[in-house]
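Notes for the one structure printed next.
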Amino acid sequence: MELYKQYPLRLHINRQERRFEVESWVTLLDLLRERAGLTGTKKGCDHGQCGACTVLVDGRRINACLTLAVMQDGREITTVEGLAEGEALHPLQEAFIEHDAFQCGYCTPGQLCSALGLMQEGQARTRDDVRELMSGNLCRCGAYPQIADAVCEVLGIEQQRGEAERRQDRGPFTTGGVLA
């Protein structure tokens, strides 16, 4: 077996057909970042545990680090770069900005793609549903209440935070006095 043998691959990425020649061991994440130049999709844990690499494949959420690119031949791939229509942001992107639903922003591309997938799945009816269905996307900054606010707004779900979320909003976490 030839280790570096390449296979032809055709993908529709963000509404554009792209062709590649890839080795069988290249993940969809590495193809998107290193060969398609779409670095908005982040490499977090590289084990499918953090959700930073979430993209949509034929409209369904998937961890791009856990699938081989050759397995997605002919599929429609949507990354964070494909959410906006020209200069017009997707309503989720606008809601994330409005609700300050990011801090460092590293998880934001995965959160946005996951939220869009969640909307298309049509299973979220409550704020708790949103939190549960987004639980595969981790935010190390702890912006979960704002992320849920943004997604609920776009879904038209009435906002009602639980006690744990209200406690999280009581103020910023500090490790000590701030020097002026």
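Summed over segment 118-148, residues that are more than 16 Å from the chain's Cα centre (by Cα) and charged (D, E, K, R) total 4. In segment 63-84, is there at least one residue being of a type outside the set (F, W, Y) and farther than 27 Å from P8 by Cα? Scanning segment 63-84, I find at least one residue that is of a type outside the set (F, W, Y) and farther than 27 Å from P8 by Cα, so the answer is yes.
Report, by residue number, each residue of segment 1-19 that is loosely packed, with under 11 Cβ neighbours inside 10 Å and either assigned to a helix (DSSP H, G or I) or of a type in the set (S, T, N, Q) (or both). Correct list: Q16 only. Restricting segment 146-164 to residues that are surrounded by fewer than 21 Cβ atoms within 10 Å (Cβ to Cβ) and not aliphatic (A, V, I, L, M), the residue that is modelled with the lowest pLDDT is E163.
Taken residue by residue, segment 20-30 has no member that is without any contact (Cβ under 8 Å) to a residue 24 or more places away in the chain, in a loop (DSSP other than H, G, I, E, B) and more than 14 Å from the chain's Cα centre (by Cα).
Applying the condition of being buried (at least 16 other Cβ atoms within 10 Å of the Cβ) and among the charged types (D, E, K, R) to segment 33-42 and asking which residue is nearest to E17 (Cα to Cα) yields R33. For segment 49-63, check the following and say yes or no: at least one residue is over 30 Å from G156 (Cα atoms), crowded, with 17+ Cβ neighbours inside 10 Å and modelled with pLDDT of 95 or more. Checked against the condition, which is being over 30 Å from G156 (Cα atoms), crowded, with 17+ Cβ neighbours inside 10 Å and modelled with pLDDT of 95 or more, segment 49-63 yields no hits at all. For the residues Q120, Q111, the requirement of being part of a helix (DSSP H, G or I) and buried (at least 22 other Cβ atoms within 10 Å of the Cβ) singles out Q111.
Do we find that V26 is touching a Cys at 6+ places or on another chain (Cβ under 7 Å) and open to solvent by less than 30 Å² (accessible area, probe 1.4 Å) in this structure? No: the conditions fail for V26. The set of residues in segment 72-108 that are open to solvent by 50 Å² or more (accessible area, probe 1.4 Å) and closer than 17 Å to Q16 by Cβ comprises D73, R75, E76, E81, E85, G86.
The values are calculated or read from the model by the stated rules, or taken from the named source; none is laboratory data. Nothing here was measured: the structure is a model prediction, and the numbers come from that model. So basically every Cβ, Gly included, is an ideal-geometry build from the backbone, and we count neighbours across all protein chains shown. Each accessible area value is taken on the protein alone, full model and side chains, heavy atoms only, with ligands, DNA and RNA left out. Shrake-Rupley method; radii C 1.70, N 1.55, O 1.52, S 1.80 Å.
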